[in-house]
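Here's the structure, in structure tokens; my notes come after.
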Amino acid sequence: MISSISSSNRFVLVVLTGLFLCVGCAGPRGMAETMQRPEKGSYRIAIFPVENLSGGKAPLKELRLSLAEKIKTAGFDVLPDDSLNKFLARHRIRYIGGIDGESARDMAEEEQVQAVLIPSLEYYDDSYPPKIALTARLVSTAGEPEILWMDSIALSGNDSPGLFDTGLIRDPAKLTDKAFRELTRSLSDSFGGGFRVSVDQLLKKKFPPRQFYRSDLAPDKQFRIVVLPFYNRSDRKNAGEIMALHFVQELRRLGNFTVVEPGMVRHHLLQYRLIMEGGVTNANADVIYDVLQANVLLTGRVIDYQDGRGETGVPTVDFSVTMLDKEHHMIVLAADSYNTGDDRVHFFDFGRISTAYGVAIEMIRGIMDRIDMQRGTPAVEGGGRIAPNH
Amino acid sequence: MPGTRRVKSIVSSLFLKTVMSIAMVSLTGCAAFHPSGTYRNENMDFGSIRTVEVLPFVNLSRDNSAGERVRDVLITALLASGGVYVVPIGEVNRGVVRAAIANPAAPSAEEIVKLGSFIKADGVITGTLKEYGEVRSGTAVGNVISLSLQLMETQTGKVVWSASTTRGGVSVTDRLFGGGGEPMNTITEKAVDDLINKLFQ
């Protein structure tokens with residue numbers, strides 16, 4: 001009996017010692033992490049008014065308030081609206097789709113803001129089925145503005161109708177709420193992970209480009225890329241800006257591309273009066289490379305960007321993209337893509353994409369997949385392959 | 001008996017001749033419907049053309065943006081073929097302005113030479129988009145594209161290659177079962193691939 005008690009005591013003692021050791025190991029690491037990273041409550045964010053790229057009417061104030069509420073609930077310290085409005089008025093900031101270096105510095109000094117959240121509304125429709133597509137990015141105010149986090153979401157009320165239409169969302173407010181919850185969760189997760197970019201996010205469904213060319217993009221090289229607004233030849237207003245934002249988001253996920261904040265790009269284009277009506281010339285590109293310390297530049301053309309109206313409308317996206325490099329002044333990447341929301345539908349609307357955002361993102365992911373450096377797509381050797389006459 | 005045999009052999013040879021003639025006429029007929037539509041300068045060394053620029057197309061279709069659309073597809077397809085390097089559109093436009101080309105879609109030989117001196121390209125591609133969009137035949141509907149291209153060398157301004165293609169249209173299946181034909185995107189891609197194959201053959 002005594003021996004059994006003593007043996008069970010010994011067992012308990014060993015387990016307890018092990019547990020203490022484990023706790024001892026875990027404790028300092030957790031503390032170190034919390035010391036390195038700021039707490040959400042002490043991380044002050046200014047939420048810019050929502051930039052309306054939808055080309056139509058949308059309840060922008062309500063959307064911003066709802067987003068701010070979600071971010072506050074997630075534990076972040078949000079700059080009060082009064083302070084933000086006074087700051088914007090004081091510095092005569094009218095462009096809310098990005099932030100330049102000077103404004104970011106002023107915001108950090110005057111309002112003690114660590115980052116600015118820039119939401120851009122791509123699509124909003126409150127008639128049935130309600131639809132919303134929104135992109136948001138967090139830009140640091142310390143030093144040169146840098147994109148810390150960027151994500152986007154597009155939802156439609158009939159995305160997952162479920163059994164007997166029980167999954168339908170008819171209320172636009174409910175849909176917006178769902179979209180903002182997702183975005184806030186993504187922001188919180190990214191904050192928790194020290195704003196590290198997750199490369200796994202590339203492994204999703206994608207549409208391969210219609211035509212693709214790639215050359216001289218060394219896999220071991222780091223690129224600082226400027227994404228210019230695309231030339232908009234579509235009927236959709238702001239399609240050029242929307243497409244540029246999608247590329248900014250997806251290029252960041254590649255890992256070896258540092259994307260220059262679009263607000264900085266716009267500021268310098270205006271400052272140096274760079275007007276590129278017929279496309280980017282080498283002279284223009286040189287100025288952009290120099291002032292933004294970039295080594296590659298991305299531009300393109302949107303031919304079609306249509307959101308499907310109503311329940312049966314099919315979204316269509318058609319664009320071409322070109323990447324130029326500083327070293328050789330040559331095209332290092334060119335792609336041409338065209339897809340519609342029902343390209344993957346084979347029966348009963350399975351695989352249907354209800355927004356142009358959804359189609360565009362999958363098309364861009366198809367291009368990103370081809371330039372994904374880890375995969376090492378063989379570069380095309382250019383030059384002189386037209387067969388000579390015999 | 002020998003007489004019957006001779007008659008039989010005459011009949012069979014006549015039958016064979018008739019069948020062969022019909023087959024030949026049919027084949028000739030087919031050839032007439034599908035002309036190759038390609039011109040190649042026999043004295044030109046196409047291997048020397050490494051860089052080309054694609055000028056804006058003459059757009060004869062009803063769709064205003066069709067010319068730009070097809071030009072974009074062609075530029076990427078030429079690059080993707082790995083055969084030639086294509087000068088970025090911005091540089092081409094700058095060259096057109098510097099060379100003071102009045103009509104960039106249809107430049108003269110002198111203008112081509114001048115353009116070549118500003119932009120270091122070996123060839124210039126011009127094109128005409130004759131048809132792009134929907135066609136109707138009775139109640140049947142289909143999509144059609146008709147495109148012709150010309151390659152001019154920048155040293156002399158001469159046309160060294162020219163080809164045309166037509167894809168899509170209303171097929172027998174479309175007439176019988178409807179369906180609207182192939183999507184515009186697919187036939188554009190096919191037409192451009194066809195022309196590139198003709199260039200590189």
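Observations on the structure shown:
- When DSSP beta bridges are restricted to pairs lying wholly in the protein assembly as shown, around 75% turn out antiparallel.
- Distance (nanometres) between label positions extended 7 Å along Cα→Cβ at B:Ser137 and A:Phe347: 3.3 nm
- Projected-area average for the stretch A:200-371 over all orientations - Cα convex hull basis, square nanometres: 10.2 nm²
- Dipole magnitude of the protein assembly as shown about its Cα centre (Cβ charges: Lys, Arg +1; Asp, Glu -1), debye to nearest 20: 1480 debye
- Rg over Rh, two decimals, the stretch B:36-200 (C-alpha only, Kirkwood Rh): 1.02
- √(5λ) per eigenvalue of the Cα gyration tensor, the protein assembly as shown, largest first, Å: 55, 33, 26
- Note on A:Arg170 and B:Asp193: with the Förster distance fixed at 45 Å, the Cβ-Cβ geometry gives a FRET efficiency of about 0.45.
- Semi-axes of the equivalent ellipsoid for the stretch A:77-129, Cα gyration tensor, largest first, Å: 26, 12, 11
- The calculated FRET efficiency for the pair A:Thr73 and A:Leu270, based on their C-beta separation and a Förster distance of 25 Å, comes to about 0.10.
- For a modelled paramagnetic label at B:Arg98, 7 Å from Cα along Cα-to-Cβ, the residues of the stretch A:324-344 in reach, with backbone nitrogen under 16 Å, are A:329-330.
- Using θ = phi - 60° and Karplus 6.51 cos²θ - 1.76 cosθ + 1.60, couplings along the stretch A:318-325 (whole Hz; Gly, Pro as x): 9, 8, 10, 9, 9, 10, 10, 10
- Computed E for A:Lys221/A:Asp286 - FRET, C-beta separation, R0 22 angstrom, nearest 0.05: 0.65
- Between B:Leu115, B:Leu79, B:Leu14, the residue with the greatest mean-square fluctuation in the GNM of chain B (Cα pairs under 10 Å linked by springs) is B:Leu14.
Read-outs: derived from the displayed coordinates by stated rules, not from any lab. Keep in mind the model is a prediction, meaning the values are calculated, not measured. When we count neighbours, we look across all protein chains shown, and the Cβ atoms used for this are built from the backbone with ideal geometry, even at glycine.
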